[in-house]
Amino acid sequence: MDKITLAHGAGGNASKELINKVFKKVFSNKELNPLDDGAVLKIKNMKLAFATDSFVINPIFFKGGDIGKLAVCGSVNDISMMGARPLALSAAAVIEEGFPVKDLQKITFSMAKQAKLAGVNIVTGDTKVMKKGEVDAIFINTSAIGIIGKKINLSGSNAKYGDTIIVSGNIAEHGAAVMLSRNDFGFKSSIKSDCACLNFLVQDILKVCPDVRVMRDPTRGGAAAVLNEIAESSNVGIIIEYDKIPMANNVAAFCRILGLDPLYMPNEGKMISFQKESDTGKVITAYKKNSLGKKAAVIGKVVKDPKGVWVKTVSGNLRKILNIDTEQLPRIC
């Protein structure tokens with residue numbers, strides 16, 4: 001690894017190598033080392049989740065959202081996947097000289113709307129302006145802090161043999177919507193990004209089942225990357241069944257035409273949970289009572305062997321789902 005490539009930002013093997021060999025090697029500490037969606041900080045009797053994320057999506061406006069909506073949802077979702085209720089957000093913008101003020105206002109209104117929907121305030125921020133050509137339009141960083149209930153313990157390393165795996169709804173919609181916003185390929189399509197804050201859905205689930213083991217939102221690298229991270233962190237095998245994975249017909253057709261695997265397509269308003277088999281019924285009932293989980297489905301199970309992530313095809317064969325080595329779609333979030 002001599003130079004940074006786009007693959008280092010794809011959330012797959014190259015990203016993992018960069019984090020482990022450069023960042024984790026130097027920054028190593030007990031809060032960082034689990035490499036979950038957010039760090040868990042214990043302060044006196046309180047347990048807090050803290051996360052940060054930067055958003056460089058191109059284009060900044062797309063069907064179903066914009067960079068501002070994405071920035072708020074992304075950080076709210078990161079701490080939500082740790083089981084936290086969001087307390088506050090920060091927002092920092094790096095803006096290119098010449099950027100239209102009306103577009104900046106549109107983005108900030110969008111951020112304010114999403115923060116209000118999530119029940120959280122943006123309480124601090126920063127603005128930098130760069131010379132034209134030194135940044136592409138606008139980049140936004142958000143950080144979030146939230147409080148975790150005492151009985152909640154979520155981590156990618158918690159998966160156990162026999163756990164069931166639930167996804168909250170149709171996958172691959174964000175990736176397909178952004179690709180269509182860049183180039184419509186001559187299609188007439190109603191595909192929209194699924195971008196949404198998941199904090200209330202998470203709390204609905206934890207209310208009926210505080211023992212859920214893992215929650216993750218499959219953003220960069222899609223479901224394939226998230227499942228591989230969990231399988232490795234927990235040292236388990238995962239088998240999912242392809243015909244049980246919820247997917248809209250138009251998204252499935254879009255992926256088929258372009259030769260894309262929907263398991264690797266990013267999502268921005270979906271989550272995956274692992275729970276004991278005996279808890280599956282009450283967890284999926286909680287999903288379906290929330291508008292963001294109405295299409296939730298049990299898609300697989302944790303197994304002792306084989307290790308890694310496998311998908312059972314319609315014909316009944318097992319196909320290994322490898323972690324990605326390259327960037328299928330750069331600047332997706």
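Points worth noting:
- Pairing each residue of region 131-157 that is farther than 18 Å from residue 58 by Cβ and surrounded by fewer than 17 Cβ atoms within 10 Å (Cβ to Cβ) with any residue that is of a type in the set (Asp, Glu) and at pLDDT 95 or above, provided the two are 6+ apart or on different chains, yields C-beta distances under 6 Å for 131/97.
- Residues (within 30 Å of residue 44 (Cα to Cα) and assigned to a strand (DSSP E or B)) located in region 147-188: 147, 148
- The set of residues in region 235-275 being modelled with pLDDT of 95 or more, open to solvent by 30 Å² or more (accessible area, probe 1.4 Å) and outside any helix (DSSP H, G or I) consists of 235, 239, 241, 247.
- Pairs linking a residue in region 1-25 that is assigned to a loop (DSSP other than H, G, I, E, B) to a residue that is exposed (fewer than 13 other Cβ atoms within 10 Å of the Cβ) and at pLDDT 90 or above, with Cβ atoms under 7 Å and 6 or more positions apart or on different chains, are 1/21.
- Pick from region 292-317, criterion part of a strand (DSSP E or B) and under 18 Å from residue 247 (Cβ atoms), ranking: most open to solvent (accessible area, probe 1.4 Å): 312
- Scanning region 159-182 for residues that are farther than 20 Å from residue 71 by Cα and open to solvent by 30 Å² or more (accessible area, probe 1.4 Å) yields 160, 161.
- Of all residues in region 49-72 being farther than 24 Å from residue 183 by Cβ and not aromatic (Phe, Trp, Tyr), the one that is surrounded by the most Cβ atoms within 10 Å (Cβ to Cβ): 72
- Any hit, region 57-67, residues being in a loop (DSSP other than H, G, I, E, B) and touching a Cys at 6+ places or on another chain (Cβ under 9 Å): yes
The values are calculated or read from the model by the stated rules, or taken from the named source; none is laboratory data. Note that the structure is predicted; figures quoted are calculated from it, not measured. Methodologically, a virtual Cβ is constructed for each residue, glycine included, from the backbone with ideal geometry; neighbour enumeration extends over all protein chains shown. Please note that ligands, DNA and RNA were not included when accessible areas were found on the heavy atoms of the full protein model with its side chains. Shrake-Rupley method; radii C 1.70, N 1.55, O 1.52, S 1.80 Å.
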